[in-house]
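Scroll down for the structure; my scribbles are underneath it.
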Amino acid sequence: MDSETGMRERQLFARDQVIDIVRRVWLHILIGDGIGAAIHNWIPGSLINGLLGQDKRWSVPLAKMLGGGCRKCIELAGNTRKALDARGQQADIVKVTDFAEIAAHGVMSTPALVIDGKLVSSGKVLSEQDIAGLLGKAD
């Protein structure tokens, strides 16, 4: 396309490109969805957890920062990110601000930190080194 192409020609070109892409990939998407639907609930969850569960060294830890979003909560989330980065681990840090969910973890004071479903700290801001030590215990 040259610089003299008008808006209508650009729209037609874009539409043609989208149609071309869809024509090339629709079958692969359909097959992938079919395979996923076919094995859904056929493979026992215990087998999947046994192969890919949280206790495996290749699993991705999930960290939850529980709190209302105050300065200390943000600091705890930042220290958690630094500790994970220092270990070279990719992980999600989920920020939970819903007090009903926070209470469900048994937390009475925030900020709190949950790693792989286990409450590891409540009511204080852990340092990056403290969090790295807790992550080491989780391995």
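The values are calculated or read from the model by the stated rules, or taken from the named source; none is laboratory data. Please read these numbers as outputs of a predicted model, since none were measured by experiment. All Cβ positions, glycine included, derive from the backbone under ideal geometry; neighbour counts span all protein chains shown.
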Self-check item: Hey, Arg71 at pLDDT 75 or above and assigned by TED's automatic domain parsing to the domain that holds Gly133 or not
Solution: yes
Quiz item: In the stretch 3-15, how many residues are surrounded by 10 or more Cβ atoms within 10 Å (Cβ to Cβ) and in a helix (DSSP H, G or I)?
Solution: 7
Exercise. Have a look at Asp116, Asp92, Asp55, Asp98 and point out the one that is modelled with pLDDT under 90 and surrounded by 15 or more Cβ atoms within 10 Å (Cβ to Cβ).
Key: Asp116
